[in-house]
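Written out below as structure tokens is the structure these notes cover.
What follows draws every value from the coordinates through simple rules; no lab data is involved. In this text the structure is predicted, and so the values were computed from the model without any measurement. We place every Cβ from the backbone using ideal geometry, glycine too, and count neighbours over all the protein chains shown.
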Protein chains: 2
Amino acid sequence: MSPVKVFGRAISTNVARVLVCLEEVGADYELVSVDFLAGEQNSPEHVERNPFGKVPALQDGELVLFESRAIAKYVLRKYRTSEVDLLRESSISEAAMVDMWTEVEAQQYYPALSPVVYECIIFPVMRGVPTDQKVVDESLEKLRKVLGVYEAHLTKNRFLAGDFISFADLSHFPFTFYFMATPYASLFESYPHVKAWWEGLMSRPSIKKISANMPTKF
Amino acid sequence: MSPVKVFGRAISTNVARVLVCLEEVGADYELVSVDFLAGEQNSPEHVERNPFGKVPALQDGELVLFESRAIAKYVLRKYRTSEVDLLRESSISEAAMVDMWTEVEAQQYYPALSPVVYECIIFPVMRGVPTDQKVVDESLEKLRKVLGVYEAHLTKNRFLAGDFISFADLSHFPFTFYFMATPYASLFESYPHVKAWWEGLMSRPSIKKISANMPTKF
């Protein structure tokens, strides 16, 4: 059987989200470069895969998928074993906790943290636009509130969805990784349980391997 | 068995997303008012349910959930029957299509359409702030591109995930409903398959019932 193909590059956060899941389940996959910086996501062949012209896309035989969280869930379902079960869909309450904290990442954490990454790393490098400090300061204010909720939660739970690692945790990796390369990484020092949770994620072989291809200096 | 409790009001889009799923599966539920306009989502008893101080929350016995898409999935899994299966998780490829278009709603459609609703309805009513026409115009430009992709897709597929209704379709209901009360509703006229799809959704008993409690004039 030919391996699944992932279109994109590890440097892109949404591609990294998918790659780390493929590594966690030990799937055979092929990474096909679509260079965002060169605009290749708008090529006709890529738009055929993802009509919104974004990365990643995944091809598994006849099936073509886009949207990183949907692709990641597909991968985690397809290669699920009793040892590696990162969605927990055999338990309706555990699956709900995984879904809930996956949504918290998308709806609360990402909107608060990502502008700092955009302003300090992505915009200056990709567009040559200087950092907008007002946006950074407002985002840090929101992020402190979010991290306060996480700290309280992770004081009582080892991982976000409970006492087991899940997709909800992994989904936080790509943007948090780049945040740690901004001048504001030390913010996490004030939230010791969040910091320990993050360090635990960073010690996972899947995340070590994928983050090695995510440069933070240009 | 006591019915599940939903905390919030139907007027709130994220609450409406959950209620419509409860109606679709025919579940017995109790709606407990948490008045967003009166700031009740920040009361200690509600923050106990949702530490981010937002609606909705759901209580089912010991289980307390927040984040509307996670709650909706829990409801659709719990009350799934062979007739009403809106997540299609028994088929890995169908589930992937449901997840993908649910993510498209959250990541592409909502960011393009919701600012128009905020600027034309929510901000003027809730905060007494006049419409920012620049934001509206920029959002309409994005929305045209998104609706163009939807039109091409719905020309070939009856529903978003394929030939079956799913959570991906329903998840579009609350914000689209309010969009149709803005001065820009006629935009949908240019996308006949999208318009027909929307009219199909609006004819569903679940959506008729919940939208009856979503006022568009104040």
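The table below lists the values:
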item: Rounded to 5, percent antiparallel among DSSP beta bridges of the protein assembly as shown; result: 65 percent
item: About the Cα centre, charge dipole magnitude for chain A (Lys/Arg +1, Asp/Glu -1 at Cβ), debye; result: 300 debye
item: Positive-end residue, chain A charge dipole about Cα centroid, Cβ charges, pick of A:Tyr150, A:Val64, A:Asn50; result: A:Tyr150
item: Scattering profile of region B:23-156 at q = 0.14 Å⁻¹ [log10 I(q)/I(0), Debye over alpha-carbon scatterers]; result: -0.93
item: Karplus-derived HN-Hα couplings along region B:122-127 (A = 6.51, B = -1.76, C = 1.60, θ = phi - 60°), whole Hz, x at Gly and Pro; result: 5, 5, x, 7, 7, 10
item: Integer Hz, Karplus 6.51/-1.76/1.60 couplings in order for region A:79-95, x for Gly and Pro; result: 9, 4, 10, 5, 7, 10, 10, 9, 10, 6, 6, 7, 10, 5, 7, 5, 4
item: Anchor A:Lys54: lysines whose Cα lies under 22 Å away (excluding residues fewer than 8 positions away in-chain); result: A:Lys5, A:Lys73, B:Lys142, B:Lys145, B:Lys156
item: GNM top mover of A:Leu201, A:Leu37, A:Leu160 - chain A, alpha-carbon springs below 10 Å; result: A:Leu37
item: Averaged over A:58-68, number of beta-carbon atoms from partner chains that fall within 10 Å; result: 3
item: Relative contact order (%) - region A:4-78, alpha-carbon pairs under 8 angstrom, separation at least six; result: 37 percent
item: Between region B:100-136 and region B:42-74, the alpha-carbon center distance in angstrom; result: 23 Å
item: Debye log10 I(q)/I(0) at q = 0.13 Å⁻¹ for the protein assembly as shown, Cα point scatterers; result: -1.34
item: Separation of the B:Ser33 and B:Ala185 label points, Cα + 7 Å toward Cβ, nm; result: 2.7 nm
item: Inter-probe distance in nm under a simple model that places probes 7 Å from Cα toward Cβ, at A:Arg127 and A:Val47; result: 2.1 nm
item: Inter-copy label distances at B:Pro111 (7 Å, Cα→Cβ; nm, one decimal); result: 1.2
item: Relative contact order %, chain B, counting alpha carbon pairs below 8 Å whose residues are six or more apart; result: 22 percent
item: 5 angstrom amide H check on B:Phe164, placed H, neighbours 5+ away; result: B:Phe159
item: Loop GluC sites (Glu not before Pro), region B:6-64 (other Cβ atoms within 10 Å of the site Cβ: 13 or fewer; DSSP); result: B:Glu62
item: 7 Å along Cα→Cβ, label-point gaps from A:Val84 to other copies, nm, shortest first; result: 3.7
item: 10 Å Cβ neighbours from other chains, averaged over peptide B:104-112; result: 3
item: The protein assembly as shown - charge dipole about Cα centre, Lys and Arg +1 at Cβ, Asp and Glu -1, debye rounded to 20; result: 300 debye
item: For B:Ala57, residues with placed amide H under 5 Å, excluding near neighbours; result: B:Phe7
item: Ratio Rg/Rh, restricted to region A:4-78 and using Cα atoms, in which Rh is the Kirkwood radius; result: 0.93
item: Vicinal HN-Hα couplings computed from phi for region A:167-175 (Karplus, 6.51 cos²θ - 1.76 cosθ + 1.60; Hz; Gly/Pro x); result: 4, 4, 5, 4, 5, 7, 4, x, 6
item: When the convex hull of its Cα atoms is projected in every direction, mean area for region B:92-209 (nm²); result: 7.5 nm²
item: GNM flexibility winner over chain A from A:Val98, A:Val125, A:Val25 (Cα, springs under 10 Å); result: A:Val125
item: Charge dipole magnitude, Cβ of K and R +1, D and E -1 - region B:100-175, Cα centre, debye nearest 20; result: 60 debye
